[in-house]
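K.L.:
One structure, pasted below without further comment.
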Amino acid sequence: MQSEPSHSPHSVELPADEILVGGRWRRGRGLTIRPLDPATGQELTVIQAASVEDVEEAARAGARAAADPAWRSLLPHERARYLYRIAELIERDTDTLSALQTANTGKTRAETTALVRSAAGTFRYVAATLETAEDALTPSRGSYLTMSVHEPLGVVGAITPWNSPIASEAQKVAPALAAGNAVLLKPAEWTPLVALALGRIVEEAGLPAGLLSVLPGKGSVIGDAIVRHPLVAKVTFTGGTTTGRTIAHHAADKLIPVSLELGGKSPTVVLPDADLEQALAGVLFGIFSSSGQACIAGSRLFVPESIYEQFVGELVRRTRQLRVGPGTDPTTHVGPLVHPRHRDAVAAHVELARKEGGRIRCGGAAPEGEQYAGGAYYLPTVIDGLPNDARTCQEETFGPVLVCLPYQDEEDLLAQANDSVYGLACGIWTRDARAAWRLAGRLEAGTVWINTYKQFSSSTPFGGFKESGLGREKGRDWIRSYQRQKSLYWGTDADPLPWAAV
């Protein structure tokens with residue numbers, strides 16, 4: 001369905017043409033970037049991006065700030081106060097940050113509001129775990145006392161994607177700062193505005209200057225400079241698998257740790273006994289919320305042959321009823337894609353499905369009408385008739401495109417669902433708890449949702465298997481992944497070590 005636009009591209013407060021470099025707000029020395037409103041295609045603002053020289057300045061300032069006893073020697077509960085304050089300021093500015101993100105990404109206001117609240121919750125959770133984190137007094141095996149303690153790494157490079165600004169930034173900046181580090185934050189070139197707004201909030205919270213730099217720009221230039229910089233002691237990246245693999249190679253050359261949250265082609269599984277109403281609603285939400293622009297999107301649907309036509313037919317009917325429109329319209333289900341170039345890439349993927357012999361059950365094109373002119377819209381699309389080894393079933397589309405596949409029995413299901421280079425997430429719809437437990441243990445995915453989808457908790461680790469990434473975010477060990485571990489031995493014997501008599 002079409003949704004009449006209710007949208008003014010310049011109705012939000014836009015950040016000034018300044019970036020945060022080593023504690024100073026100023027114009028970048030790099031290329032010009034022009035963030036767009038994807039609902040209209042209109043230019044939101046012009047920003048002079050960071051340069052390689054700005055990365056150098058930010059890295060050196062970050063190293064000084066991280067080594068300064070004013071930060072490094074703070075007790076955990078003192079450092080946590082900054083994080084609590086940042087959380088409060090994010091919540092205070094929820095409406096402003098939500099509107100800014102909708103303008104820059106096209107997401108619905110309901111989603112961007114939830115993302116802002118999630119970011120505040122991330123800072124608050126990390127602050128709480130920081131206050132309660134414990135080092136260990138390990139069992140002694142001699143006349144000495146042994147301890148295991150944790151220290152900051154120094155400077156962390158954090159590279160975030162365009163599909164969930166502020167939530168992604170929080171999930172990297174909060175634990176890195178909590179661990180005692182400085183952070184070089186590089187937001188996606190298409191969506192830098194919320195990261196810059198977050199930089200202002202962090203500054204207002206009183207964080208010592210130099211601990212956070214916000215360096216927008218091209219990944220191939222600024223991201224590469226951050227990853228390669230000799231002062232950067234860890235890189236955390238969320239984005240595409242190809243870029244993640246390149247970052248991992250550079251990190252290996254430097255022998256530094258890396259966290260990678262990469263792509264996905266997540267299966268959603270309907271079992272024969274599922275509550276079909278619940279499953280239909282869950283499948284629609286899993287793939288078409290966020291306009292399908294999520295690495296965890298349930299983009300491969302597996303349905304038993306016995307109910308396949310019934311289920312997919314009803315799914316197609318409901319998909320056609322989804323309202324496509326700007327994120328500022330509260331009735332919108334599916335907003336525009338983030339950028340016209342990305343919309344074109346999604347359209348090319350659907351054309352590939354046609355060439356492979358797939359049936360386009362609905363969608364498969366941009367919506368028609370004057371209200372969509374200039375916007376990066378694409379209709380929610382359902383495809384079937386393809387084998388599981390088709391490229392459309394194997395490659396990440398990252399848009400509102402669902403491929404449907406039938407299966408015969410549990411073994412056939414597992415063979416198809418696990419036949420993927422990815423292993424990020426999956427969903428299971430069933431009334432049978434034993435079947436769900438059995439499948440959850442055999443499906444190759446870092447997160448399994450049972451009778452729900454796209455739910456997250458800061459207390460529960462998140463990450464993928466196979467080419468979906470390395471490492472985990474969230475959970476009580478989140479901060480530790482941004483620290484180095486050190487062992488201390490305290491001698492307790494009054495006599496000299498019995499090695500050689502003098």
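The values are calculated or read from the model by the stated rules, or taken from the named source; none is laboratory data. What you are looking at is a predicted structure, and each value in this text was computed from that prediction instead of being measured. Heads up, the Cβs are rebuilt from the backbone with ideal geometry, glycines too, and the neighbour counts pull from every protein chain shown. Each accessible area value is taken on the protein alone, full model and side chains, heavy atoms only, with ligands, DNA and RNA left out. Shrake-Rupley method; radii C 1.70, N 1.55, O 1.52, S 1.80 Å.
K.L.:
Looking only at the stretch 14-36, how many residues end up being more than 13 Å from GLU189 (Cα to Cα), of a type in the set (A, V, I, L, M) and not in a strand (DSSP E or B)?
P.N.:
2
K.L.:
Let me ask something else. Please specify each residue of the stretch 296-308 satisfying the condition of being open to solvent by 10 Å² or more (accessible area, probe 1.4 Å) and under 16 Å from ASP275 (Cα atoms).
P.N.:
Those that are open to solvent by 10 Å² or more (accessible area, probe 1.4 Å) and under 16 Å from ASP275 (Cα atoms): SER306, ILE307, TYR308.
K.L.:
Mind checking which pairs have a first residue in the stretch 37-61 that is without any contact (Cβ under 8 Å) to a residue 24 or more places away in the chain and a second that is buried (at least 21 other Cβ atoms within 10 Å of the Cβ) and part of a strand (DSSP E or B), Cβ under 7 Å, 6 or more apart or different chains?
P.N.:
Close Cβ pairs satisfying both conditions: GLU43/LEU36.
K.L.:
Give me a count of the residues in the stretch 370-385 that are surrounded by fewer than 19 Cβ atoms within 10 Å (Cβ to Cβ) and touching a strand residue (DSSP E or B) at 6+ places or on another chain (Cβ under 6 Å).
P.N.:
Result for the stretch 370-385: 1.
K.L.:
Please name all residue pairs, on different chains or six or more residues apart, with Cβ atoms under 6 Å, provided the first residue is in the stretch 82-97 and is free of Cβ contacts under 8 Å to residues at least 40 places away in the same chain and the second residue is of a type in the set (Val, Ile, Thr).
P.N.:
As it stands, the answer is THR94/VAL116, since those pairs meet every condition given.
K.L.:
Which of the residues that make up the stretch 141-170 are touching a residue at least 24 places away in the same chain (Cβ under 8 Å), surrounded by fewer than 17 Cβ atoms within 10 Å (Cβ to Cβ) and assigned to a loop (DSSP other than H, G, I, E, B)?
P.N.:
Of everything in the stretch 141-170, just one residue is touching a residue at least 24 places away in the same chain (Cβ under 8 Å), surrounded by fewer than 17 Cβ atoms within 10 Å (Cβ to Cβ) and assigned to a loop (DSSP other than H, G, I, E, B), namely SER143.
K.L.:
What strands (runs of 3 or more DSSP E), lying completely within the stretch 209-295, carry at least 1 residues that are open to solvent by 30 Å² or more (accessible area, probe 1.4 Å)?
P.N.:
In the stretch 209-295, 258-261 are the strands (runs of 3 or more DSSP E) which contain 1 or more residues that are open to solvent by 30 Å² or more (accessible area, probe 1.4 Å).
K.L.:
Out of the residues in the stretch 178-196 that are assigned to a helix (DSSP H, G or I) and within 18 Å of the chain's Cα centre (by Cα), state the one that is surrounded by the most Cβ atoms within 10 Å (Cβ to Cβ).
P.N.:
Filtering the stretch 178-196 for residues that are assigned to a helix (DSSP H, G or I) and within 18 Å of the chain's Cα centre (by Cα), the one surrounded by the most Cβ atoms within 10 Å (Cβ to Cβ) comes out as VAL194.
K.L.:
For ALA80, are the conditions met, namely being within 30 Å of LEU153 (Cα to Cα) and either touching a strand residue (DSSP E or B) at 6+ places or on another chain (Cβ under 8 Å) or not in a helix (DSSP H, G or I) (or both)?
P.N.:
No.
K.L.:
Further question on the same structure: Identify the residue in the stretch 434-456 that is out of contact with any strand residue (DSSP E or B) (no Cβ under 8 Å at 6 or more places or on another chain) and open to solvent by 50 Å² or more (accessible area, probe 1.4 Å) and, among all such residues, is farthest from THR268 (Cα to Cα).
P.N.:
ARG434
K.L.:
Among the hydrophobic types (A, V, I, L, M, F, W, C) and farther than 24 Å from GLY106 by Cα: is that true of VAL194 in this structure?
P.N.:
no
K.L.:
Filter the stretch 324-344 down to the residues that are loosely packed, with under 15 Cβ neighbours inside 10 Å and closer than 16 Å to THR397 by Cβ, then identify the one that is farthest from the chain's Cα centre (by Cα).
P.N.:
The extreme case among them is ASP344.
K.L.:
Does ALA39 satisfy the condition of being closer than 30 Å to GLY325 by Cα, assigned to a loop (DSSP other than H, G, I, E, B), at pLDDT 95 or above and not basic (Lys, Arg)?
P.N.:
Here the answer is yes, as ALA39 does meet what is asked.
K.L.:
Test each condition in (1) in contact (Cβ under 8 Å) with a residue 24 or more places away in the chain; (2) under 30 Å from ALA66 (Cβ atoms) for PHE398 and report the one that comes out false.
P.N.:
PHE398 satisfies every listed condition except (2).
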